[in-house]
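K.L.:
One structure, pasted below without further comment.
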Amino acid sequence: MSYVAGNGGFLQGVVAPSWWYTVVLLVCLQLSWLSPVQATVCPFQGSSLAGGCLCTSDILSCTAVGLEQVPGDVPVSAVTLDLSHNRIVQLEWGSFEGLYRLETLRLAHNQLTTIHPGAFRNSSGTLLRHLDLSSNQLRVLEQHYFLDLPGLEELLLFNNRIVHVESRALAGLGSLRKAYLSHNRLTDFPFFSIQEHSHPHLSMLDLSSNRLPKLPLEDISNLPLSVQRGLYLHNNSLVCECSMYGLFRHWEQKGFTSVSDFRQEHTCLVFGIQKGTVRFFKHDRYFEKCNLTALSGLLREQESSVSVKEGKAVLLHCVTTLTGRHVTFLWVAPNQEYVAPPGNNGSLKMYANGSLEIVAAREADSGVYWCMALDQQQKRNETQEVNVTVVLHHESDPHESFNTGFTTLLGCVVSLVLVLMYLYLTPCRCPPCLKTSTPITATPGQGNEVGAGSAQSSILTPTPPTTTEGPGRKVSTNKHVVFLEPIKEQQNGRLRTGPVAGAVHGGHLGPGLLLEPEQSSKLHIQSQQRAGETDSFVSMFSDTPIMLP
């Protein structure tokens, strides 16, 4: 019997038999054999390529070692196989046979020109998620290339020489999420082959930096919204036209990153001339005459309920996942009338893409419209309903708006009233009206200040003084217009005496004011009682003509 020694060990103080050490040793050896990290013998042993490959338990990397074909002795445990930067020209039938665990395959920067049918057969198939074929020399994507890869999620084909993609080249990729086909030579693309039921997970389709001259608006509008949001089309050879401009403007308003992140790279050719390249997001004056309202109707986003004013037009879209040449559309109006292209007698128009236009909405056009899309080849059909409400004129605005002429007349009347209020209802700033007082004989002892004050009083007296034009003549009714110059000098809020205020000298009251000799004797009237009121009179009547008797 012995003790297992140790500081803090879990066997400390435990008595163990002599065979205990043997059991522990065997368990440790067994665990080491089952460990996932183990040394794997790389292929090509004994060849000049043996030293160029890097191996782990499930990764084999043979990059830039001069391979001209896929090696046949790849370990079956490989999950990631990297054969990039070699000289592989083609993929033969069964090139990856027996690799049942393969999930990532990298063949970038080779010289691939051909992928033979069955190249990925008898491999992992559903497990392969990442396939990198970028920077090769592929020219055509044939429909048999990816038939054996239903589990593929990411496909890299950028920087090839692809000029054509067959209509069913991507048909079998039901798990595809991202496809990169930028920097190729594509002049067209089968957008109609991308449908929601065939590619339910596709969220990125990069077709930038190609040679696309024109975009099929109808096919693109039928793409699932997730594909439209991740469709990259910048740096192409697009010809400037209204449909193209309307499509990108619509995506910009929706906030799609495929447009907002590459605004400067979105260009088009004016009249097809290479030198006339225009950044149409920056120079949008070329599209001022485009009818974007009609174009936005082709971008099919239909709500289940639509309102339209009486007499106006409205476009109903038949939103469906069925696309292609074999899809037909049919509408059923609320009155059970069947509508097919080009429409009925003129009140309803129907287009080839399934859209239905109510030319001039009437009250009888309200109701539920049914759309049916039928794919005769696949024997599938889909239906959609749209509830249309026609808003009558008297319902559109319960409070009738003012007529333009009546509004103008009302504005004139209001302006006139305000002017009259300003002229006649302005609060009087004058002190209380002066009471008539008994004339006081002027005394020689009164100075200039009295003369100035009496001058103001005589001018403002309501009773015309008795005036003679000569000895023995009667009272004259002639009135003289005089101007009282403003008194510019003041001292402590009082009128300052002096030559500006003026003194009575021979019938003259200071400069600018002439009176008859008989009036000069009355200039001192109410001078002392109204001395405080003179200031306000001067300020109000300094520049105003005053009628003197």
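The values are calculated or read from the model by the stated rules, or taken from the named source; none is laboratory data. All of these numbers come straight from a predicted model, not from anything done at the bench. Cβ: placed from backbone, ideal geometry, glycine included. Neighbour counts: every protein chain shown. We work out accessible area using only protein heavy atoms, side chains counted, and drop any ligands, DNA or RNA first. Shrake-Rupley method; radii C 1.70, N 1.55, O 1.52, S 1.80 Å.
K.L.:
For segment 311-371, please list each of the strands (runs of 3 or more DSSP E) lying entirely inside it that holds at least 3 residues being β-branched (Val, Ile, Thr).
P.N.:
It comes to 327-332.
K.L.:
Let me ask you something else. For segment 85-96, which positions are surrounded by 17 or more Cβ atoms within 10 Å (Cβ to Cβ) and polar (S, T, N, Q)?
P.N.:
Asn86, Ser95, listed by residue number.
K.L.:
Read through the list (1) among the β-branched types (Val, Ile, Thr); (2) within 37 Å of the chain's Cα centre (by Cα); (3) modelled with pLDDT of 75 or more, then give the number of the only condition that Thr404 fails.
P.N.:
Failed condition: (3).
K.L.:
Still on this structure: On the given criteria, is Leu295 of a type in the set (A, V, I, L, M), surrounded by 17 or more Cβ atoms within 10 Å (Cβ to Cβ) and modelled with pLDDT under 75?
P.N.:
Against the criterion (of a type in the set (A, V, I, L, M), surrounded by 17 or more Cβ atoms within 10 Å (Cβ to Cβ) and modelled with pLDDT under 75), Leu295 qualifies.
K.L.:
Let me ask something else about it. Of everything in segment 187-211, what is among the aliphatic types (A, V, I, L, M) and surrounded by 19 or more Cβ atoms within 10 Å (Cβ to Cβ)? Give them in sequence order.
P.N.:
Passing the criteria: Ile194, Leu202, Leu205, Leu207.
K.L.:
Condition test on Glu363, is it open to solvent by 30 Å² or more (accessible area, probe 1.4 Å) and at pLDDT below 80?
P.N.:
Answer is no for this residue.
K.L.:
Would you please name the residue that is nearest to the chain's Cα centre (by Cα), looking only at residues in segment 56-78 that are of a type in the set (A, V, I, L, M, F, W, C) and under 14 Å from Glu97 (Cβ atoms)?
P.N.:
Ala78
K.L.:
Follow-up. Would you check if there is a residue in segment 68-80 being free of Cβ contacts under 8 Å to residues at least 60 places away in the same chain, on the phi > 0 side of the Ramachandran plot and not aliphatic (A, V, I, L, M)?
P.N.:
No, segment 68-80 has no match at all.
K.L.:
Next up: From the list Leu107, Leu67, Leu127, Leu99, which residue is open to solvent by less than 70 Å² (accessible area, probe 1.4 Å) and at pLDDT 95 or above?
P.N.:
After ruling out the rest, the residue left standing is Leu107.
K.L.:
Name, by its number, the condition in (1) open to solvent by 60 Å² or more (accessible area, probe 1.4 Å); (2) among the charged types (D, E, K, R); (3) over 19 Å from Gln69 (Cβ atoms) that does not hold for Glu154.
P.N.:
Glu154 satisfies all of (1) open to solvent by 60 Å² or more (accessible area, probe 1.4 Å); (2) among the charged types (D, E, K, R); (3) over 19 Å from Gln69 (Cβ atoms) except (1).
K.L.:
So which residues in segment 226-244 are out of contact with any Asp or Glu (no Cβ under 8 Å at 6 or more places or on another chain) and open to solvent by 20 Å² or more (accessible area, probe 1.4 Å)?
P.N.:
Scanning segment 226-244 gives Ser226, Arg229, Ser237, Val239, Cys240, Glu241, Cys242, Ser243.
K.L.:
For the structure I just gave you, tell me whether Ala442 is at pLDDT below 80 and small (Gly, Ala, Ser).
P.N.:
Criteria met by Ala442.
K.L.:
Would you be able to say whether some residue in segment 252-266 is part of a helix (DSSP H, G or I) and crowded, with 19+ Cβ neighbours inside 10 Å?
P.N.:
Looking for residues that are part of a helix (DSSP H, G or I) and crowded, with 19+ Cβ neighbours inside 10 Å, one finds at least one in segment 252-266, hence yes.
K.L.:
So, one more: Kindly indicate which of Ser182, Ser209 is outside any helix (DSSP H, G or I), on the phi > 0 side of the Ramachandran plot and at pLDDT 95 or above.
P.N.:
None of the others qualify; the one that does is Ser209.
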